[in-house]
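One structure follows; several queries about it will come next.
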Amino acid sequence: MDLYEAMSSCRAVRRLRPDPIPDEVLARLVQAAVWAPTGGNVQPWRVILVREASAKQRLGALYAQAWGGYSSQLRKTLAPLPDERRAPHERTLLAGDYLAAHFDETPVIAIFCFDPKQMAITDAGLERPSVVGGGSVYPAVQNFLLAARSEGLGCVLTTLLCQHEVAVKALLAIPDGWGTCAAIPLGYPLRKGHGPLSRRPVDKLAYADRWGAPYR
Ligand SMILES: Cc1cc2nc3c(=O)[nH]c(=O)nc-3n(C[C@H](O)[C@H](O)[C@H](O)COP(=O)(O)O)c2cc1C
């Protein structure tokens, strides 16, 4: 698949079929993740491909708990909005409800882990939340998502499970010192899956030479 076509249609797919994913397809996704760059080429990340039913059930229960808190808060925030502004969020929330109710039925849940000790986190001393460490994990996550797109698989980058990191680490035997930064439920789409994206225009996000200067 053309790379630009994959990037421009790789949207969140939350309704997934339980059908198994062939091992060779999964292997291509993992290879794509491994090709990603990391600071100093240290590769301070690992991915656990969870297929065992009992582990997926436990992850699903934890995810549903986190989603319940997040979605009820969001629904309260959206309640005063007029229908036409609320509608797109409502559609996403319904898809999120579906994912939370069927998390354990997805054939694979990919849990991305990272070791902050192996990272040169160049913004760690600044008086704002540090983000640089994520740059040595999320490119691998994005490669994984794009490879899934090109294989016709649906998936969505989720982070709500990080709230339950202690329980997830115990469940999956993740060693001390490692953290979790993404859980990707992966499966063939129940509906049409990937499609056009809704994003701000380039001019709103890209500048020329100075902040705010028109890019083109
Ligand atoms: C850092 C990050 C965390 C996210 N966490 C979740 C999550 O926990 N649950 C979820 O359903 N979607 C999650 N998403 C998916 C976003 O909601 C989704 O990518 C965004 O709304 C754009 O949707 P679209 O690609 O379908 O247009 C996350 C995405 C990112 C990039």
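The values are calculated or read from the model by the stated rules, or taken from the named source; none is laboratory data. On a predicted model such as this, the values are computed, not experimentally measured, just so you know. All Cβ positions, even for glycine, are placed from backbone atoms using ideal geometry, and neighbour counts span all protein chains on display. What goes into the accessible areas is simple: the full protein's heavy atoms, side chains included, and nothing from ligands, DNA or RNA. Shrake-Rupley method; radii C 1.70, N 1.55, O 1.52, S 1.80 Å.
Of Gly195, Gly135, Ala147, whose Cα points farthest to the positive end of the dipole of the chain (charges on the beta-carbon: +1 Lys, Arg; -1 Asp, Glu; origin at the Cα centre)?
The Cα lying farthest towards the positive end belongs to Gly195.
Using helices alone, I'd like the mean residue ellipticity at 222 nm for the chain: each DSSP H run of four-plus residues gives -39500 (n - 2.57), total over residue count, nearest 500. Please report the intermediate quantities before stating the final value.
Numbers: 7 runs with 90 residues, N = 216.
It lands at -13000 deg cm²/dmol.
With springs only between Cα atoms under 10 Å, which of Pro88, Pro44, Pro189 fluctuates most in a Gaussian network model of the chain?
Pro88
Counting only heavy atoms of the protein chains, get the accessible area per residue of the range 48-205 (1.4 Å probe) and round it to a whole Å² value. If you can, show how the numbers build up before the last one.
Numbers: 8390 Å² over 158 residues.
With all protein chains present, the range 48-205 gives 53 Å² per residue.
Sorted by packing (mean other beta-carbon atoms within 10 Å per residue), highest first, where do 113-122, 57-66 land? Each step should come with its number before you reach the end.
Numbers: 113-122: 16.3, 57-66: 18.6.
Taking the mean over residues of other Cβ atoms within 10 Å, the ranking is 57-66, 113-122.
Most mobile of Gly177, Gly195, Gly133 per a Gaussian network model of the chain (Cα springs, under 10 Å)?
For the chain, modelled as a Gaussian network with Cα springs under 10 Å, the answer is Gly177.
Let me ask another. Ignoring any ligand, DNA or RNA, what whole percent of the accessible area of the range 98-194 comes from carbon and sulfur when the probe is 1.4 angstrom?
57 percent
Follow-up question, since we're still on this one. Viscosity 0.692 mPa s, temperature 37 °C: what is the translational diffusion coefficient of the chain from Stokes-Einstein with a Kirkwood Rh over Cα pairs, rounded to a whole number of µm²/s? Can you show the working numbers first?
Numbers: Rh = 18.8 Å.
Stokes-Einstein gives a translational diffusion coefficient of 174 µm²/s.
If the elastic network links every pair of Cα atoms under 10 Å, which of Leu186, Leu16, Leu126 fluctuates the most in the Gaussian network model of the chain?
Of Leu186, Leu16, Leu126, the Gaussian network model singles out Leu126 as fluctuating most.
How high is the relative contact order of the chain, given as a whole-number percent (alpha carbon pairs under 8 Å, six or more residues apart)?
The normalised contact order for the chain reaches 37 percent.
Let me ask another. Going Cα to Cα from Lys117, which lysines come in below 19 Å? Please leave out same-chain ones fewer than 8 positions away.
Lys169
Let me ask something else about it. Which one of Ile21, Gln73, Ala32 has its Cα pushed farthest toward the positive end of the charge dipole of the range 18-100, where Lys and Arg give +1 and Asp and Glu give -1 at the Cβ?
After comparing all options, I get Gln73.
List the DSSP H helices in the chain whose Cα atoms stretch 15 Å or more along the helix axis and whose mean Kyte-Doolittle hydropathy is at least -0.5.
23-34, 53-78, 138-150
If you don't mind, there's one more thing I want to ask. With charges only on Cβ, +1 for K and R and -1 for D and E, what is the dipole size of the chain about its Cα centre, in debye, rounded to 20?
560 debye
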